[in-house]
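Chemist: The structure is given below, and queries will be raised subsequently.
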Amino acid sequence: MKELLVSDAIVDMPGLITLLSRLAVDLACATVVIRLIYHRLYKNREYAFTYYLFNVITFCLCLVLRKVPTPFGVALALFGVFGILRYRTEQIRIRDLTYLFVVIGIGVLNAMADQSVSVAELLVVDGVIVGMTALLELGSSRGLERSTEMLYDQLELLHPGNEEKLIADLSAKTGLGVFRVEITRFDMLRDAAEITIFYRRAE
């Protein structure tokens, strides 16, 4: 029967307590980044769902593979974590991709830190990551900026040199203070383009 078990002990209480403590810290940091910063600014529930799962899966993968002989375990964990990014089928914005790396990094950090890293050091590093994200996103006028995706059919205004006309047209049609536009992709079947507009909301 013992040969069928992964470990000699069915329940390792010290290990279980450590796991739950690390997971609590990881989820707390991820929640601040995902719910209190990202979702508050961008209102994208689909990406919020993705970020939570990426964070938890990364944490669990790295935590379990820590017990594998170090060179092989760490290499396999990092390959699994970052390799899956190659298989995404949908283009996402640089900012969304940055949030993805942040939540993955938080998961790796809280799972891979060993006994040489004190609890205080771990909390400080977590705090720096979360604090920098909050400061850059919510600090000064950045917290007033919003973005939304839309389908735009005035392709001639997307030509280089028409930036001012494009922003003026979008501002007039949406009633928003548009200040920047990013082109996601062209849909030639519908003679339109998928764009992301960035605007500032009123204080």
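The values are calculated or read from the model by the stated rules, or taken from the named source; none is laboratory data. Bear in mind the structure is a predicted one, so any value in this text is a computation, not a measurement. Cβ coordinates were reconstructed from backbone atoms using ideal geometry, including for glycine residues, and neighbour counts include every protein chain displayed. Ligands, DNA and RNA are excluded from the accessible area calculation, which covers all protein heavy atoms including side chains. Shrake-Rupley method; radii C 1.70, N 1.55, O 1.52, S 1.80 Å.
Chemist: From ILE94, ILE104, ILE129, which residue is closer than 21 Å to THR58 by Cα and touching a Ser or Thr at 6+ places or on another chain (Cβ under 8 Å)?
Modeler: The match here is ILE104.
Per-residue answers, yes or no, for (1) more than 30 Å from VAL25 (Cα to Cα); (2) in contact (Cβ under 8 Å) with a residue 40 or more places away in the chain:
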residue: LEU135; (1), (2): no, no
residue: GLY161; (1), (2): yes, no
residue: ALA168; (1), (2): yes, no
residue: ILE195; (1), (2): yes, yes
residue: PHE198; (1), (2): yes, yes
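Chemist: I would also like to ask the following. Just to be sure I understand, how many residues within segment 1-45 are under 30 Å from GLU137 (Cα atoms), at pLDDT below 85 and open to solvent by less than 90 Å² (accessible area, probe 1.4 Å)?
Modeler: 3
Chemist: If I ask for residues that are more than 24 Å from THR196 (Cα to Cα), open to solvent by 90 Å² or more (accessible area, probe 1.4 Å), part of a helix (DSSP H, G or I) and at pLDDT below 65, which ones from segment 46-94 would you list?
Modeler: THR70, PRO71, PHE72, PHE79
Chemist: As an exercise: evaluate LEU123 against (1) within 28 Å of PHE59 (Cβ to Cβ); (2) in contact with a Phe, Trp or Tyr (Cβ under 6 Å, 6 or more places away or on another chain); (3) open to solvent by 30 Å² or more (accessible area, probe 1.4 Å) and give the number of the one condition it does not meet.
Modeler: (2)
Chemist: Can you work out which of the residues in segment 171-197 that are open to solvent by 90 Å² or more (accessible area, probe 1.4 Å) and over 15 Å from LEU157 (Cβ atoms) is nearest to the chain's Cα centre (by Cα)?
Modeler: The qualifying residue nearest to the chain's Cα centre (by Cα) is ARG185.
Chemist: Cβ-Cβ under 7 Å, sequence separation 6+ or interchain: first residue in segment 148-159 and open to solvent by 80 Å² or more (accessible area, probe 1.4 Å), partner hydrophobic (A, V, I, L, M, F, W, C). Which pairs?
Modeler: Hits for this filter: LEU151/ALA192; ASP153/ALA192.
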